[in-house]
Structures are given as C-alpha cells and as structure tokens.
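All remarks here apply to the structure that follows.
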Amino acid sequence: MNQKSTWTEFKNECITDKLFDICIWVLIAIAVCITLYPFVYVVSISLSSGEAVNKGLITLLPVDINLDTYRMVMAYKDLWISYGNTFYYTITGTCLNIVFTCLAAYPLSRKRFFLRKKMNFLLAFTMYFSGGLIPSYLVVTGLGLYNSRLAMILPVLVSAYNVMICRSAFEGVAEELFENAYLEGANDLQILVKIAIPLIKPTLAVLTLYYAVARYNDFFSALLYIGKQNLQPLQLFLRRILLMASTEIMQASGNATAASAAAQSTIQIRYVCIVLSMVPIVCLTPFIQKYLVKGTMLGAVKG
C-alpha cells in the first residue's frame, strides 16, 4: 500500500520534482554500493580458497568456496578466550552503563532537585575538559585496577552525552504522572523504575546499542590497563592479527594438511577474523533498528 501511494505521488509530481527524486535515489544507491562493497569483499575473501586469494581472483563474489581457513581460525583457543572476555565486558558493562545513566539522568531531569543546574553544568563541563590520559592512567593504576576486569568497566561507566539524551527523555514525560505518583505515596525510586523507565524504553534501547557497540569495539582501555593475555578482549586479539601481522594462528595449526596449507594466506586469516568479530553486532542490530530513529528523537527533542 505504501509503495503504491509513493508511486502515485511520484507520477503526480512536476518534472523538476521527479528529477530531484531520481537524483536522490541514484545518490542513495551509490552510497549503498560504496558502503556494502567492502563488506561483501571481505566476506568473499574469507569464503574463497587460499589459492584463489593468493592469485587475486576475487573481485566481488567468492571463488572456489573453501572453509578450511574458518576451521583453522575457529580451532584456535585464544580466539574464544578473547571472545568470552569481550562478551563479559560488553554485557556487564552495558548493563551497568544503563543503570548508572538512568540514576544520573533522572534527578537531573527533576526541577525540584536543588542541585539540578549546578550538576547539569558540571556534566556539560566534562564533555569539553578532562584530566587527560596520564592522570586517568594514574588513577586507574593507583586504585589497583591494572590487569583487572574492572579496569574495562569502571573508567567508562557513564557517558555525559548519553546522560543528556536520557535526561531529555525523562523531561519529555508528562509531569502530571510524577505528581500523581507522589500523591499516591510512591517514592523517587519507585517512580523511576515503574513509571519513568518504561516510558522511555525506545531511548534506552538506543543507548543500550550505543553502549554495547562502544564496549564491544573498545580496545584502547584494554591496551592501557590489561597486560594479561587471558583477560584481553577480542579487539586486542584482532590487533595482533590485523596490525601486527601475527602468525600465531598458523603456527598453532601446525600445517597438518595440504588443505590447511592452501588456506594459509595471511590476508585471508585476517578477513576471517574480521567476519567472526562482526557476527554478534550484525545479529543484534536488526532487533534494535526499529528503535533507532524513534529513540534518538525522543531523547533529543523536548515538547
């Protein structure tokens, strides 16, 4: 029904508007192709045979599909250790991020909070000025968090920008609801949990996605604070494979068979690691996609 109405509107437009719409569609198609091609190319490289990769035969689609490299990479134990660490940091960190973001944003959205203006100013101040990298490192190490899982969670527990989005979403809730709840004897914690949070679920879904992606991709904190390899997340594992051109996966495989030897293209191993690292985010995004526009606008516009 929507497609028919769109086509009807297009036919009824003047020639100038039609040309403008066509230009927009062409630009969108070009942007989609430019964005999608690297992803398809990486997947094609990872699925092709080592011989085809070494000869440079892949341009878009896989050539001579072979999963030996996937088997080689997935048999490497350190990959799954880093995967487990990343899931722990992402799930635990994101849950704590959302909890503390709500706890910070709710009082800042209430006009009767006597420190509201001062705290909002200090919150905005931290977005422009910070202590810097060295003081942050000294604080984390001084608290004994070096080589600790908490070093990946506590220093980035709250984002000032996300607190502002959440605060604006709380401010968009009708004040009458809070007043009625107060008259019924509810306290602030009950109002937050039973009224405020359920009404801003789209915004919280978007913030969850923001926090989860940031946690999942965070390698710099691990680079600074995590020296033990068994505590390092997936991103540091990828750093060793992609940037430092580590051959540890090939060495671990032992070159046992001719099939694995044919698959031992370094660039192919890198691309397989990239594809495996993308799987969780690619699987998660479609379930939250519908909240993106609605949630962002709900938190960004008051009225």
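No value in this document is a laboratory result; all are computed from the given coordinates. On a predicted model such as this, the values are computed, not experimentally measured, just so you know. Methodologically, a virtual Cβ is constructed for each residue, glycine included, from the backbone with ideal geometry; neighbour enumeration extends over all protein chains shown.
Using the beta-carbon distance between residue 34 and residue 214 and R0 = 35 Å, what value does 1/(1 + (r/R0)^6) give for FRET efficiency, to the nearest 0.05?
That gives a FRET efficiency of 0.90.
At 0.36 nm per residue, and after removing the present C-alpha to C-alpha distance, how many nm does the segment from residue 239 to residue 65 gain when stretched out fully? Don't skip to the answer; put the middle values down first.
On the way: separation 174, 0.36 × 174 = 62.64 nm, distance 2.65 nm.
Stretched out fully, the residue 239 to residue 65 stretch lengthens by 60.0 nm.
Simple spin-label model, 7 Å along Cα-to-Cβ: residue 133 to residue 19 in nm?
So the label points at residue 133 and residue 19 sit 5.2 nm apart.
Measure out, as a whole number of angstrom, how far apart the alpha-carbon centroids of region 13-39 and region 43-70 sit.
Their Cα centres are 31 Å away from one another.
I need the phi-derived Karplus couplings for region 188-197: 6.51 cos²θ - 1.76 cosθ + 1.60, θ = phi - 60°, integer Hz, Gly and Pro marked x.
With the stated coefficients, region 188-197 comes to 4, 5, 5, 5, 4, 6, 9, 10, 5, 4 Hz.
Which aspartates and glutamates, if any, have their Cα less than 16 Å from the Cα of residue 117, not counting same-chain residues under 8 positions apart?
Output for residue 117: 171.
Can you give the Kirkwood hydrodynamic radius of region 51-154 from its Cα pairs, in Å with one decimal? Show your work: numbers first, answer last.
On the way: mean 1/r = 0.0528 Å⁻¹.
It works out to 19.0 Å.
About its Cα centre, what dipole magnitude does region 84-203 give when the only charges are +1 on Lys and Arg Cβ and -1 on Asp and Glu Cβ, stated in debye to the nearest 20?
In total the dipole reaches around 260 debye.
How large is ³J(HN,Hα), in whole Hz, for each residue of region 64-73 in order, when computed from phi with the Karplus curve 6.51 cos²θ - 1.76 cosθ + 1.60 and θ = phi - 60°, using x for Gly and Pro?
Couplings: 6, 3, 8, 9, 4, 5, 4, 4, 5, 5 Hz.
Counting Lys +1, Arg +1, Asp -1, Glu -1, what net charge surrounds residue 96 among other residues with beta carbon under 15 Å of its beta carbon?
Computed value for this residue: +1.
If R0 is 51 Å, what FRET efficiency do you get for residue 177 and residue 26 from their C-beta distance, rounded to 0.05? Intermediate values should be presented prior to the final figure.
Values: r = 47 Å, r/R0 = 0.93.
Between residue 177 and residue 26 the formula returns 0.60.
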